[in-house]
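Student: Structure incoming, see below.
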Amino acid sequence: MGYTSAIALSLPVVLAAQALPKPSNFLARLPSQEQTTLKAGNVVLNGDNGRYTGRVLITAPVDTVWKVLTDYNHFKNFLPGVVSSRILETNGNQTVFEQVNSVRVLLFTQKSRLVVAASNQYPKQIDFRLKEGDIKSLNGMWKLEPVSPSQVLVTQEVTFDPGTSVPRGLAFNIYKNALADSLKAIKKETERRFTQR
C-alpha cells in the first residue's frame, strides 16, 4: 500500500534560466468558500473513490515551492509516512524514482514501495505516473500558479487505485487523509525555508 507516496512525487531538475510565470489571480476562479479556506492557511481537498484535487496557498516564491516539491532526497525529513526516496534514473526532464512509505492500517504498520516516473515543465507543472509498486495505479500532476511574487497556489490532481490488497474504502480513506497531511507539510516546509534564507 503506497498511499502516502503519491503525494511526495518529485524529480530533480536543473533550474534553468526561464521566465517565471506572471502572477495572476488564480484564486478568483475558485468558489468563495475555497478562497476563504486557502487564504486562512488551510488545505482544500475535494474528491473521493480514488480521484482527488488538493490545494494549498503557500507564502513563498514559485522557485522555493518548486525546490521543495522536487527535494526527493529529504522527503523523509518533512513528509509524513515517507521512509526513504531515491532517484533511479534521469533523462532530461524525465525522472524515475523509488519511494518507500510506512502507513498504519488498523493495528498494523505496513511498508510499501513505489517506482514513479515524473516529468517536469519548470516552473509550472510536474506530471507523474506509477511504473511499478504495491498499488494498482497512480497518476496525476502538481500545478504551481503564482498569485503574487511571494505567494503560490499549489494544486495536486491525482487518480489512485489501491488494487485488491486491502478493502478499497479503507484504502481511499487512508490516502485522502495522507494527501491532506502532505499538503500541510509541504506548505510548512516551504514557508520555513523561505523565511530562513
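Student: Can you put Ile135, Ile87 in order of Cβ neighbours within 10 angstrom, beginning with the fewest? Working shown, then result.
Tutor: Numbers: Ile135 23, Ile87 14.
The fewest-first ordering by Cβ neighbours comes to Ile87, Ile135.
Student: Charges on Cβ only, +1 for Lys and Arg, -1 for Asp and Glu, centred on the Cα centroid of the chain; of Tyr52, Phe128, Leu27, which one is farthest towards the dipole's positive end?
Tutor: Leu27
Student: What does the helix-only formula give at 222 nm for the chain: each DSSP H stretch with n ≥ 4 adding -39500 (n - 2.57), the total divided by the residues, and the result rounded to the nearest 500 deg cm²/dmol?
Tutor: Calculated from helices alone, the mean residue ellipticity at 222 nm is -8000 deg cm²/dmol.
Student: Just to verify a number: FRET efficiency for Glu89 and Thr59, C-beta to C-beta distance, R0 = 35 Å, to 0.05? Provide the component values of the computation, followed by the final result.
Tutor: Working: r = 34 Å, r/R0 = 0.98.
The formula returns an efficiency of 0.55 here.
Student: Which whole-Hz couplings ³J(HN,Hα) result when phi for each residue of the stretch 76-84 is put into the Karplus expression 6.51 cos²θ - 1.76 cosθ + 1.60, θ = phi - 60°, listed in order with x for Gly and Pro?
Tutor: 5, 7, 9, 9, x, x, 8, 8, 7
Student: Still on this structure, I have one more. Treating the angle as unsigned and between 0 and 90°, give the value, to the nearest 10°, between the Cα long axis of helix 168-196 and the longest Cα principal axis of the chain.
Tutor: 40 degrees
Student: Given charges of +1 on the Cβ of Lys and Arg and -1 on the Cβ of Asp and Glu, with all other atoms neutral, how large is the dipole of the stretch 54-129 about its Cα centre, in debye to the nearest 20?
Tutor: On the way: 9 positive and 5 negative charges, 55 e Å.
The calculation lands at about 260 debye.
Student: Take every Cα pair under 8 Å in the chain that's 6+ residues apart, average their separations, divide by the length, and report that relative contact order as a whole percent. Write down the numbers at each step before the final one.
Tutor: Working: 430 pairs, mean separation 60.0, N = 197.
Averaging sequence separation for qualifying contacts and normalising by length gives 30 percent for the chain.
Student: If the viscosity is 0.890 mPa s and the temperature 25 °C, what translational diffusion coefficient in µm²/s does Stokes-Einstein give for the stretch 80-163 when Rh comes from Kirkwood over Cα pairs? Walk me through the intermediate numbers first.
Tutor: Numbers: Rh = 14.3 Å.
Value of D from the Cα-based Kirkwood radius: 171 µm²/s.
Student: Still on this structure: About the Cα centre of the stretch 88-165, what is the dipole size in debye to 20, counting +1 per Lys and Arg Cβ and -1 per Asp and Glu Cβ, all else neutral? If you can, show how the numbers build up before the last one.
Tutor: Details: 8 positive and 8 negative charges, 31 e Å.
For this selection, approximately 140 debye.
Student: Determine the alpha carbon to alpha carbon distance for each of Lys76/Lys176; Lys76/Lys131; Lys136/Lys187; Lys124/Lys187 and list only those over 25 Å. Before the final figure, lay out the partial values.
Tutor: Numbers: Lys76/Lys176 19 Å; Lys76/Lys131 21 Å; Lys136/Lys187 29 Å; Lys124/Lys187 17 Å.
Table pairs above 25 Å Cα-Cα are Lys136/Lys187.
Student: Quick one: Debye curve from the alpha-carbon atoms of the chain only, equal weights, vacuum; give me log10 I(q)/I(0) at q = 0.11 Å⁻¹ to two decimals.
Tutor: So the normalised log intensities work out to -0.46.
Student: Okay, next question. What does the charge add up to near Leu114, with Lys and Arg as +1, Asp and Glu as -1, over the other residues with Cβ less than 14 Å from its Cβ? Present the calculation step by step, with values, prior to reporting the outcome.
Tutor: On the way: positive: Arg86, Lys111, Arg113, Arg129, Lys131, Lys136; negative: Glu98, Glu132, Asp134, Asp161.
Its environment carries a net charge of +2.
Student: Near the amide H of Lys131, under 5 Å away, which other amide H atoms are found, from residues 5 or more places off or on another chain, if H is placed in the peptide plane?
Tutor: Val115, Val116, Ala117
Computed from the coordinates by the stated procedures, all read-outs in this text should not be read as laboratory data. Being a predicted model, the structure only gives us computed values, none of them experimental. Cβ coordinates were reconstructed from backbone atoms using ideal geometry, including for glycine residues, and neighbour counts include every protein chain displayed.
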